[in-house]
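Since the structure comes first, as structure tokens, the remarks are kept for the end.
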Amino acid sequence: MSDDDTEADWAFAEADRANPDDVDYDLDRVLQSMVALRAEIPEDSFTAGILGTERAGNGIVIDESGLILTIGYLTTEAETIWLNTHSGAAVPGHAVTYDFESGFGLVQALGRLDCPALEFGNSRNLGAGSKVVVAGHGGYEHALAARVVGKREFAGYWEYVLDEAIFTAPAHPNWGGAALIGPDGKLYGVGSLFVQNARGGEQRSDGNMIVPIELLPPVLSDLQTYGVSKRSARPWLGLYAAEVSEQLVIIGLVEDGPAHKAGLLPGDIVLQVMGSPVGDLPDFFRTVWETGAAGTRVPLTVVREGEVSQFSVKSIDRSSMLKPPKLH
């Protein structure tokens, strides 16, 4: 299947496309800030088995120098990155960083893009029902007219929490790194996930989870200069957890990660962290992070086959498991 065939598979019906007549800004110019992003990752990389060795999504030009904002899982451990612009130009890129707390990734274009930089908005101004555009690379055919259907806490089983994520509907089929464009034509967030409960509750409602742009400005300068923020790295346990029947259950472990080395097993039910009872998934992760910086020991009390056991997990900095960005 060719790239053109792949894109055609998810091009929107005309009724779903963003209409320039329905917005109060130059939609055509805004869409020129979107680039297609393709990354190749070495087979021996930590994330290769989870995320694959070939990844594709979108990026957003946020600086005239060619700095690209995307979602970090597309480019983590990338050895080669190519960017395609609205004009059809192909430009190599370099992975600058993956900010684990927000989930954002930054890529620096290594050639001239001739794309306008998209200005940041403030997603706190968006409420339920706000009209937005969720846009990937490819012009109007890949720009979806959508609405904000929720703003709430989000926790991912991979040790990730957002205090307030943005949820939009309908779902954009090429959500990774897509831009959430607000009513003023500014960038309000970056597409991260397809979700089946965008509106909350138990009834299925397909949509996208969007990382709000407010998380970027406080750390952007550090990320550009040092490749990391100056805040201390959070303790990482290398486990996957989920809420099952109102219990916090370990559903998977990173091989040779801290939790695996400490003897934890899938199916263990977490009762306490440092002697404090565990609530829901966000509470579990936040309590772990409150124990100190990466490298601290995290005491866990778990139930395994009806027996209560104590484990001490020596946490690490998650980035130590990853291949560093390749210098060009």
What longest region of the chain stays clear of chymotrypsin sites (Phe, Trp or Tyr not before Pro) that DSSP places outside H, G, I, E and B and that have at most 16 other Cβ atoms within 10 Å? 158-328
If amide H atoms are modeled at 1.01 Å from N in the peptide plane, then the residues at a separation of 5 or more from Leu253, or on another chain, having amide H under 5 Å from its own are Tyr240
The stretch 247-296 - Rg over Rh from alpha carbon coordinates, Kirkwood radius: 0.95
Based on Cβ point charges of +1 for Lys and Arg and -1 for Asp and Glu, what charge dipole magnitude is obtained for the stretch 1-123 about its Cα centre, in debye rounded to the nearest 20? 340
Which of Val244, Val270, Val211 fluctuates most in a GNM of the chain (C-alpha springs under 10 Å)? That residue is Val244
Shape call for the stretch 156-254 from the C-alpha gyration tensor, a ≥ b ≥ c root eigenvalues: rounded (a/c under 1.5), prolate (a/b greater than b/c) or oblate? oblate
In Å³ and rounded to a whole number, note down the convex hull volume per residue for the Cα atoms of the stretch 1-151. 135
Estimated distance in nm for a label pair at Asp44 and Lys323, the labels positioned 7 Å out from Cα along Cα-to-Cβ: 0.9
What residues from the stretch 137-172 fall in the zone where the backbone N is under 13 Å from a label point 7 Å along the Cα-to-C-beta line of Ala56? 137-138
Long-range Cα-Cα pairs in the stretch 87-166 (distance over 19 Å), rounded percent: 59
Under the rule of at least 5 residues apart or a separate chain, name every residue whose amide H is placed under 5 Å from the amide H of Gln272. Val278, Thr301
Of the candidates Pro258, Trp158, His86, the farthest towards the positive dipole end of the chain (Lys/Arg Cβ +1, Asp/Glu Cβ -1, centred on the Cα centre) is Pro258
What length, rounded to one decimal in nm, is gained on full extension from Thr225 through to Glu243, with 0.36 nm per residue of separation minus their alpha-carbon distance? 2.6 nm
According to the Cα gyration tensor, what semi-axes, each the square root of 5 times an eigenvalue, does the equivalent ellipsoid of the chain have, listed from largest to smallest in whole Å? 35, 23, 17
Report, to the nearest whole %, how much of the accessible area of the stretch 118-236 belongs to carbon and sulfur atoms, 1.4 Å probe, protein only. 48
Say the cut-off is 20 Å between C-alpha atoms; which of Lys186/Lys230; Lys131/Lys186; Lys230/Lys314 go over it? Lys186/Lys230; Lys230/Lys314
How large is the dipole of the stretch 192-328 about the Cα centre if only Lys and Arg carry +1 and Asp and Glu carry -1, each at its Cβ, rounded to the nearest 20 debye? 640
Any idea how far apart Gln310 and Arg199 come out in nm if each label point goes 7 Å out from Cα toward Cβ? 4.9
Could you give the size of the charge dipole of the chain about its Cα centre, using +1 on the Cβ of each K and R and -1 on the Cβ of each D and E, expressed in debye and rounded to the nearest 20? 920
When ligands, DNA and RNA are left out and all protein chains stay put, how many square angstrom of accessible area per residue does the chain have with a 1.4 Å probe? 47
Which residue fluctuates the most in the chain, going by a Gaussian network model with Cα springs under 10 Å, if the choices are Ala109, Ala145, Ala48? Ala48
Which of Pro212, Leu248, Leu223, positive extreme of dipole for the stretch 210-263 (C-beta unit charges): Leu223
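The values are calculated or read from the model by the stated rules, or taken from the named source; none is laboratory data. Source: prediction; values computed, not measured. Note that each Cβ is placed from the backbone with ideal geometry, even for glycine, and that neighbours are counted across all protein chains shown. We work out accessible area using only protein heavy atoms, side chains counted, and drop any ligands, DNA or RNA first. Shrake-Rupley method; radii C 1.70, N 1.55, O 1.52, S 1.80 Å.
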